[in-house]
1. Quick check: residue separation of Glu156 and Glu63 times 0.36 nm, minus the Cα distance between them. What number comes out in nm?
2. Within the range 280-370, list the GluC sites (Glu not before Pro) lying in a DSSP loop whose Cβ has at most 10 other Cβ atoms in a 10 Å radius.
3. For Phe334 and Ile114 in the same chain, what is the full-extension length gain: residue separation times 0.36 nm, less their Cα-Cα distance, in nm?
4. Tell me whether the range 113-203 comes out rounded, prolate or oblate; compute the Cα gyration tensor, take square roots of the eigenvalues as a ≥ b ≥ c, and use a/c under 1.5 as the rounded threshold.
5. What is the extension gain from Thr141 to Arg256, computed as 0.36 nm multiplied by their sequence separation minus the C-alpha to C-alpha distance, in nm to one decimal?
6. So what is the relative contact order for the range 143-186, in percent, with contacts set as C-alpha pairs under 8 Å and at least six apart?
7. What's the FRET efficiency of Leu125 with Ala233 using the Cβ-Cβ distance as r and R₀ = 22 Å, to the nearest 0.05?
8. Using a 10 Å cut-off on Cβ atoms, rank the peptides 126-139, 201-214 from the highest mean neighbour count down.
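Nothing in this text is a laboratory measurement; each read-out follows from the coordinates by a stated rule. Not measured: the values here are computed from a predicted model. Glycine also receives a Cβ, built like all others from the backbone with ideal geometry; neighbour counts cover every protein chain displayed.
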Amino acid sequence: MTMEIITKALEDHAKAVGNIADFADELGMRVKDLEQATAGGFNGSFTGKRDASQFAAEVFDSEGFKDLVAGNAGNCKLTLEHSLLETKNTITGDAGSPAEPSNVIVQPQRMSGIVGGAFRTINLLDLMPRLPSTSNMIEITREAAFANNAAAQAAEGDTKAQSDLTFELIESRMVTYAHWLKVSKQSIDDAPALARFIESRLRYGVMLKVQADVINGTGASGSLDGLINNATAYSLADTGDTLVDTLSRAAEQLDRADWMPTGFVLHPADWRAITRVKDAESRYLMAGPAGTPIPAVWGIPVAVSNSMAQGQFLVADFDQAAILWDRMQATVQFYEQDEDNVQRNLWTVLGEGRYGLSVIRPAAIVHGSF
């Protein structure tokens, strides 16, 4: 009986070993099939750090797999390195290496409109008269000199005093200021705000150049004959004068010539230096940091502009000194028929204006340096 039990046990063991061998053979074939199928690189859940052959070698060389094949174990558990397997089912709003926000999953928020660059204040032109023009040339008859010899008549019958008055004709021609750029029709159609922004920028560019020439123009190369080029030189400087002292004396120079100062033109650095002036107890003479000083000195408005050179100033009776003529105010136009625009689906955008400047009373303008 005992012999029968032993025989039966041996038969069962041999059968179990055969089953394990068959399973091992089948597993080996599957691993080989996997190796062949991924010989060009695994595109599933394996990383690029190890290819399919490395994966197969990892299985065959494991102690658990060897015990299974030898019949020393009924099953095996394999632990593969993390670098060999990598899950790809984690969804995030970031992509790339290093990771950064991606618009594949999360839609970015777009602020409406366009953020532009710096826009310099066009304020000097507000100080002087502006009149429309109907021609390309302005002619003005102005007083050239007046010698006032008015006097009391010494006695009845005596010759009365004679004064001298002369005139001259001055001419001011219109100057065209313009610039252009090209833009695709698609961008204008797809982004309506772009057209408005371009219009604003081109119009601003024209007026910025006009203001610069009103101050500094020499009359050459098509520019305006500006205020500084026609101004009277500052002549009342005194040793030890501060910036504010200098402006006061410049205004005084106009007062002495029977003009009324209505505005200064200063560079921003000079204006800010004036606002920082303190008394002996370190108190600001103008509004302190908590306040906002109105651009004015001695009650006279100040046009602060980078168009004025630093270290220089201008003061004038702007109501009497000059006239800015508008032949064509700054406008913006879109042209399709320009060069090869039709073939390329482009617009040519032109910003243009025509202006003239007549300095009719040079003595009403004083220009100098600090």
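1. 19.1 nm
2. Numbers: sites: Glu281, Glu336, Glu339, Glu352; in loops: Glu281, Glu336, Glu339.
Those satisfying the criteria are Glu281.
3. Numbers: separation 220, 0.36 × 220 = 79.20 nm, distance 1.96 nm.
Result for the pair: 77.2 nm of gain on full extension.
4. On the way: a/c = 6.82, a/b = 3.71, b/c = 1.84.
In terms of gyration-tensor shape, prolate.
5. Numbers: separation 115, 0.36 × 115 = 41.40 nm, distance 2.45 nm.
Stretched fully, the Thr141-Arg256 segment lengthens by 38.9 nm.
6. Values: 34 pairs, mean separation 16.5, N = 44.
Worked out over the range 143-186, it gives 37 percent.
7. Values: r = 24 Å, r/R0 = 1.09.
Taking R0 as 22 Å, the efficiency between Leu125 and Ala233 is 0.40.
8. 201-214, 126-139
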